[in-house]
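The values are calculated or read from the model by the stated rules, or taken from the named source; none is laboratory data. Remember, it's a predicted structure, so these values are computed and weren't measured experimentally. Cβ coordinates were reconstructed from backbone atoms using ideal geometry, including for glycine residues, and neighbour counts include every protein chain displayed.
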Amino acid sequence: VQLSELVGYESQKETLVKNTEFLLAGYRALHILLYGSRGSGKSSLVKGLLDRYQNRNLRLIEVAKSDLKDLPLIVERLRGVPQKFIIFVDDLSFEEDDDAFKALKAILEGSAIASPENVVVYATSNRRHLVREFFEDRPRPRDSDEVHSWDTVQEKLSFSDRFGLTLTFEPADQDTYLNIVRHRAKQVNIKLKAEDLEYLALQWATRHNGRSGRTARQFVDFLKAELAIADK
């Protein structure tokens with residue numbers, strides 16, 4: 001994935017790139033949560049950083065949620081290594097009393113070990129509140145188990161605030177969606193009149209998964225194959 005291929009959400013991309021430049025320059029960069037709608041390109045943006053900066057010693061380590069409990073050990077192994085590392089966690093959310101939650105919290109807060117300057121955590125999520133909350137979790141006035149039970153609830157809900165930056169990806173509006181379609185169609189050399197391309201793209205979004213960067217890419221890939229077969 002190349003960053004130049006990803007259009008839309010330009011301010012989010014600019015902030016992500018700038019923070020990564022800080023990391024590469026040897027300054028302490030911020031951990032980032034990329035939060036927003038499905039298919040908006042959050043994961044592609046992070047992976048696109050590796051394509052742009054691999055020759056500057058940037059490395060990306062994708063850690064599955066099931067392996068987050070080992071995150072303090074992973075981070076400690078990277079301490080002092082000359083390369084710069086993005087630890088990437090995709091589609092992040094937690095259950096209550098999750099060991100992965102505790103491990104990531106320790107890294108973000110630096111409470112267990114001081115996070116080395118050559119490591120940042122970039123995580124994506126469709127949820128603003130990363131720890132799932134249920135109605136039965138909310139304290140009731142008659143509850144006497146915990147004096148400050150509302151503080152516990154707020155501590156869970158504010159977990160995302162422990163990231164230094166939160167980049168929000170709103171659902172794509174029509175202009176953003178069509179801009180992505182036009183950009184992608186130009187890259188793969190689709191030659192259709194602009195009005196025909198836009199009409200087909202809007203029809204595709206209506207019949208499939210709605211307007212998003214992912215939907216735009218799926219539409220263009222399908223259209224490219226369809227036109228190629230029709231020309232044979």
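When you check L24 against the structure, is it aliphatic (A, V, I, L, M), touching a strand residue (DSSP E or B) at 6+ places or on another chain (Cβ under 9 Å) and either surrounded by fewer than 22 Cβ atoms within 10 Å (Cβ to Cβ) or modelled with pLDDT of 95 or more (or both), yes or no? It is true that L24 is aliphatic (A, V, I, L, M), touching a strand residue (DSSP E or B) at 6+ places or on another chain (Cβ under 9 Å) and either surrounded by fewer than 22 Cβ atoms within 10 Å (Cβ to Cβ) or modelled with pLDDT of 95 or more (or both). Only one of the listed residues (S44, S11) is polar (S, T, N, Q) and surrounded by 15 or more Cβ atoms within 10 Å (Cβ to Cβ). That residue is S44.
Checking S11, S43, S4 one by one, the residue that is within 27 Å of K186 (Cα to Cα) and touching a strand residue (DSSP E or B) at 6+ places or on another chain (Cβ under 8 Å) is S43 and no other. Counting only helices (runs of 4 or more DSSP H) that sit completely within the stretch 155-232, those holding 2 or more residues that are within 28 Å of N19 (Cα to Cα) and in contact (Cβ under 8 Å) with a residue 60 or more places away in the chain correspond to 174-187, 213-230. Considering only the stretch 48-74, state which residues are in a helix (DSSP H, G or I), modelled with pLDDT of 90 or more, surrounded by 13 or more Cβ atoms within 10 Å (Cβ to Cβ) and not charged (D, E, K, R). Matches in the stretch 48-74: G48, L49, L50, Y53, I74.
For L165, state whether it is in the same structural domain as F101 (by TED's automatic domain parsing) and modelled with pLDDT of 90 or more. Spelling it out, L165 is indeed in the same structural domain as F101 (by TED's automatic domain parsing) and modelled with pLDDT of 90 or more.
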